[in-house]
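Visitor: This is the structure, below, for whatever I ask next.
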Amino acid sequence: MMRRQRKSILFLLGLIFLGAGCWPFGRETAYIEAPKLPDITVPPTLEGARASTGGQEATITPELDTALLVAALPSEARGCALGETREQRHPVPLPDGTRSEYVSVERELLCDTDPGKNILLSISDTRGIPVLTAFFEAFQGYSSNGSRRFSFPVEDETGWVTYTDDATGQKNGVGSMTMLYRKRFLLQIDSSGALNEQELIDLARAFRFAKLR
């Protein structure tokens, strides 16, 4: 009995010292925290309000736990290895002209010995602040000289792929994907030579949207 108890204690101690980061699920949800922004008191100003909303009405949502943003990121693509995931914090004006911040997370997928062929995934929690989402409303499709932008359906929303073929025209060029989920979460993929158009779409559909509901 004593030997069995000793083995159990050693096993638990091993879990504590190894940490969750040594396990696959720990690696996928781990991230490097961003330094906190300095506390700055910004009095309400008309100019700040206009910068935030452009005169639109807005409902600003509370900040979502960064761990949920990280959990929503895809963890692999076509055999790419999981790289670092980083949290970033950004100052932003609010509709009353004061200042707050929004959080984004970025994950790199290592796809080749050439760093230029890696994939960068990101989610930004815009919290519904119009200045962070207004550009998305201007997205339109086009096609010209080996470059194009087109939309595709994903999770009852619209995603946009922007792609430029490589010199051989084999569609292994520079591509990106942008979508706005629930009018709040800005999801982006940037790839240079690592993904073709369909693989960009497939990776966009691999975001874990349930974590953002």
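The values are calculated or read from the model by the stated rules, or taken from the named source; none is laboratory data. As the structure is a prediction and not an experimental result, all values here were calculated from the model. Note that we place each Cβ from the backbone using ideal geometry, even for glycine, and neighbour counts take in every protein chain shown. Please note that ligands, DNA and RNA were not included when accessible areas were found on the heavy atoms of the full protein model with its side chains. Shrake-Rupley method; radii C 1.70, N 1.55, O 1.52, S 1.80 Å.
Visitor: Within the stretch 198-213, restricting attention to residues that are open to solvent by less than 40 Å² (accessible area, probe 1.4 Å) and either in contact (Cβ under 8 Å) with a residue 60 or more places away in the chain or hydroxyl-bearing (S, T, Y) (or both), which residue is nearest to G146 (Cα to Cα)?
Guide: Restricting attention to the stretch 198-213, the residues satisfying the condition of being open to solvent by less than 40 Å² (accessible area, probe 1.4 Å) are 200-201, 203-204, 207, 209, 212.
Narrowing the set further to residues that are either in contact (Cβ under 8 Å) with a residue 60 or more places away in the chain or hydroxyl-bearing (S, T, Y) (or both) leaves 203, 207, 209, 212.
Details: L203: 22, F207: 28, F209: 32, L212: 35 Å.
The extreme case among them is L203.
Visitor: Check whether at least one residue in the stretch 178-197 is open to solvent by less than 50 Å² (accessible area, probe 1.4 Å), part of a helix (DSSP H, G or I) and at pLDDT 95 or above, and report yes or no.
Guide: No, the stretch 178-197 contains no residue that is open to solvent by less than 50 Å² (accessible area, probe 1.4 Å), part of a helix (DSSP H, G or I) and at pLDDT 95 or above.
Visitor: Moving on. I'm trying to understand the selection: among the residues of the stretch 91-150, which are surrounded by fewer than 20 Cβ atoms within 10 Å (Cβ to Cβ) and among the charged types (D, E, K, R)?
Guide: D96, R99, E101, E108, D112, D114, K117, E137, R148, R149
Visitor: May I ask you to verify whether A167 is more than 11 Å from the chain's Cα centre (by Cα), without any contact (Cβ under 8 Å) to a residue 24 or more places away in the chain and open to solvent by 10 Å² or more (accessible area, probe 1.4 Å)? Outline the logic, then answer.
Guide: Numbers: more than 11 Å from the chain's Cα centre (by Cα): yes; without any contact (Cβ under 8 Å) to a residue 24 or more places away in the chain: yes; open to solvent by 10 Å² or more (accessible area, probe 1.4 Å): yes.
The answer is yes for A167.
Visitor: Going by the structure shown, is E76 in a strand (DSSP E or B), farther than 15 Å from G175 by Cα and either open to solvent by 70 Å² or more (accessible area, probe 1.4 Å) or at pLDDT below 85 (or both)?
Guide: Values: in a strand (DSSP E or B): no; farther than 15 Å from G175 by Cα: yes; either open to solvent by 70 Å² or more (accessible area, probe 1.4 Å) or at pLDDT below 85 (or both): yes.
Considered against the rule, which asks whether it is in a strand (DSSP E or B), farther than 15 Å from G175 by Cα and either open to solvent by 70 Å² or more (accessible area, probe 1.4 Å) or at pLDDT below 85 (or both), E76 comes out as no.
Visitor: Name the pairs: first residue in the stretch 120-148 and in contact (Cβ under 8 Å) with a residue 24 or more places away in the chain, second residue among the aromatic types (F, W, Y) and open to solvent by 30 Å² or more (accessible area, probe 1.4 Å), Cβ to Cβ under 7 Å, at least 6 apart or on different chains?
Guide: Partner pairs satisfying both residue conditions: S124/Y102; D125/Y102; T126/Y102; R127/Y102; I129/Y102; L132/Y102; F139/W160.
Visitor: Report, ordered by the first and then the second residue, all pairs with beta carbons closer than 7 Å, sequence separation of six or more or different chains, a first member in the stretch 96-112 that is within 20 Å of P38 (Cβ to Cβ), and a second member that is among the hydroxyl-bearing types (S, T, Y) and surrounded by fewer than 21 Cβ atoms within 10 Å (Cβ to Cβ).
Guide: From residues that are within 20 Å of P38 (Cβ to Cβ), the pairs are G97/T45; V103/T66; S104/S122.
Visitor: Residues in the stretch 32-65 that are at pLDDT below 65, under 22 Å from the mean Cα position of the chain (by Cα) and open to solvent by 50 Å² or more (accessible area, probe 1.4 Å): how many?
Guide: Count: 0.
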